[in-house]
Amino acid sequence: MGPLPVELAMAFVELGRHAVPGPVVETVLAAALLADVPEQARRLLPGLCSGRTMATVGAPYALDGDVADVVLALRGPQVWLASGCRTGTRTSLDPARRLATPLPGGEPLTGAAPARALAWARLATAAQSLGVGLSLLTRTVAYVGQRVQFGVPIGAFQAVKHRLADTKIALEFARPLVFGAALTMAPADVAAAKVAAGEAAYAAARTALQLHGAIGYTAEYDLSLWLTKARALRTAWGTPAECRAVVLSGARPRR
């Protein structure tokens, strides 16, 4: 696609900050998979790079598979170019994420390396989660400065300050892990970044929901765009448990 991992991470932080919908992570994953298959790369990558073609990947469910032009399916260690998707098989916590199941059969992509491509997907998801968490924090800080209770903004209360400070610290600890992983692209580093960013964004969502009070529960309020996305991204392309297992398997023993 062109961008280096650090540049990609910077872009995905902003995609998360603005709650941009669509299979953006899946497009990166699809590009990484197709790059290992020269014939398909020549045929499909130009459309992905120009934005004319939308791609998604199913493992087993494909995000926005009903509108994607290119659907790849991960089936164990093999990658297949699916002929389409079956919709309505799974519902996401995030209404902006429509899930579908790739149709069986299709064309095998011999030479694709799912393990290497998965690192790109996890890095993009981690960066997107970081952006979601930062946006949740910014919006919550603004809200507690406006909401008045007992004659003062609720942001003046010590308990509220502590919740926001904990959220800020978690996000700032996740940031260097995300960009450090972008520099090394080591599977353990990427997995650690995804755990840290995903958990920080999820904690930011819980704090935002509590400090917004009853208004935070309403789907009509814009906050819900980030709340649901934080929860969905937390388990996308690797649950916290799966990523922690990768970190532990890649840890070096102390001498």
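Side notes on the structure shown:
- One equal scatterer on each Cα of the chain, no solvent, Debye formula: the resulting log10 I(q)/I(0) at q = 0.09, 0.12, 0.14 Å⁻¹ is -0.42, -0.71, -0.92.
- Pair THR184, ILE169: separation of 7 Å Cα→Cβ label points (nm): 2.4
- Applying a DSSP loop filter and a limit of 10 other Cβ atoms within 10 Å to the trypsin sites (Lys or Arg not before Pro) in the stretch 1-85 leaves ARG52.
- Considering only HIS162, HIS18, HIS212, the mean-square fluctuation computed in a Gaussian network model of the chain, springs between alpha carbons under 10 angstrom, is largest for HIS162.
- Of the GluC sites (Glu not before Pro) in the stretch 156-225, the ones in a loop by DSSP (not H, G, I, E or B) with at most 15 other beta carbons within 10 Å are GLU220.
- Residue exposure proxy: VAL57, VAL79, VAL28, ordered by other Cβ atoms within 10 angstrom of their Cβ from fewest to most, comes out as VAL28, VAL79, VAL57.
- Folded to 0 to 90 degrees: helix 24-34 orientation relative to the chain principal axis, Cα: 20
- When the Cα convex hull of the stretch 142-255 is projected onto planes of every orientation, the mean area is 9.0 nm².
- Sparse packing (at most 15 other Cβ atoms within 10 Å of the Cβ) combined with a DSSP loop state is found for the following chymotrypsin sites (Phe, Trp or Tyr not before Pro) in the stretch 186-255: TYR221.
- Added length on full extension, which subtracts the Cα-Cα distance from 0.36 nm per residue, SER92 to VAL6: 28.1 nm
- Look at PHE173, PHE12, PHE179, PHE157 and count the other Cβ atoms within 10 Å of each Cβ; fewest to most, that gives PHE173, PHE157, PHE179, PHE12.
- FRET E, pair PHE150, TYR221, Förster distance 25 Å, beta-carbon r, rounded to 0.05: 0.60
- 3J(HN,Hα) along the stretch 105-115, derived from phi through the Karplus expression 6.51 cos²θ - 1.76 cosθ + 1.60 where θ = phi - 60°, amounts to x, x, 9, x, 9, 6, x, 5, 10, x, 4 Hz, with x in place of Gly and Pro.
- Ratio of Rg to Rh for the stretch 21-113: 0.95 [Cα atoms; Kirkwood radius as inverse mean 1/r over pairs].
- Residues SER135, SER50, sorted so that the one with the fewest Cβ neighbours within 10 Å comes first: SER50, SER135
- In degrees, nearest ten, helix 240-250 long axis to first principal axis of the chain (Cα): 70
Here, each number is a calculation from the coordinates, and none is a lab measurement. Note that the structure is predicted; figures quoted are calculated from it, not measured. Every residue, glycine among them, receives a Cβ derived from its backbone with ideal geometry; neighbour counts consider all protein chains shown.
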